[in-house]
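The values are calculated or read from the model by the stated rules, or taken from the named source; none is laboratory data. From a predicted model like this one, the values you see are computed outputs, not experimental measurements. In this analysis, Cβ positions are derived from the backbone assuming ideal geometry, glycine residues included, and neighbour counts consider all displayed protein chains. We work out accessible area using only protein heavy atoms, side chains counted, and drop any ligands, DNA or RNA first. Shrake-Rupley method; radii C 1.70, N 1.55, O 1.52, S 1.80 Å.
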Amino acid sequence: MSWQSYVDQQLVGSGSVSVGAILGLDGSVWAKSAALNISAAEAKALTSAFANPGAAQSTGLFFGGASNKYLLVKADDQSIYGKLKAGGFAAAKTNQSVVLGFYAEGTQPGQCNTVVERLADYLKENGY
């Protein structure tokens, strides 16, 4: 299965993730939803946040431009959850990548978190 298939089928196909991505730990984009606007700097900021989650939690993370600051409701060296208005995101680190999923208004955050964490666990179990 290609990285794009994981994004399209496992993340977005779940119905609990509106757009998603799989990023390398260096911030490179391995695959993403066509509708996801994430800059190289935003991807790098997310992957770097796992090394210093306390600092990231105090400053938040931006996706889709400077006007979209997500407040972090959970941040540790394995998972980061953020919220913006009625939507938010979940990110989970694997051995080589970060699985990222965004949810929109009307989706329970826990549903998105579960989908993202399960895919990350699967990738970890398979060496990624």
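With all protein chains kept in place, the per residue accessible area of the chain amounts to 48 square angstrom at a probe of 1.4 angstrom. The phi torsions of segment 49-65, fed into the Karplus equation with coefficients 6.51, -1.76 and 1.60 and a -60° offset, translate into couplings of 4, 5, 7, 9, x, x, 5, 5, 5, 6, 9, x, 10, 10, 9, x, x Hz, rounded to whole numbers, with Gly and Pro shown as x. In summary, the convex hull built on the alpha carbon positions of the chain has an orientation-averaged projected area of 6.7 nm². Calculated mean residue ellipticity at 222 nm for the chain: -8000 deg cm²/dmol, from DSSP H runs with n ≥ 4 weighted as -39500 (n - 2.57), summed, divided by the residue count and rounded to 500. The value given for segment 5-45 is a Kirkwood hydrodynamic radius of 10.4 Å, derived from the mean inverse Cα-Cα separation. Put simply, the amide H of GLY64, placed in the peptide plane, has neighbours under 5 Å in SER39, leaving out anything fewer than 5 places away on its chain. For the chain, the residue among PRO53, GLN108, GLY65 whose Cα projects farthest onto the positive side of the dipole built from Cβ charges is GLY65. Which distance in Å, rounded to a whole number, links the C-alpha centroids of segment 22-66 and segment 76-119? Distance between centres, Cα-based: 12 Å. In a reduced charge model with +1 at each Lys and Arg Cβ and -1 at each Asp and Glu Cβ, segment 48-128 shows a dipole moment near 220 debye about its Cα centre.
For the chain, the carbon plus sulfur part of the accessible surface works out to 50%, probe radius 1.4 Å. Taking a Cβ cut-off of under 12 Å around GLN96, the surrounding Lys, Arg, Asp and Glu residues balance to a net charge of +1, with basic ones at +1 and acidic ones at -1.
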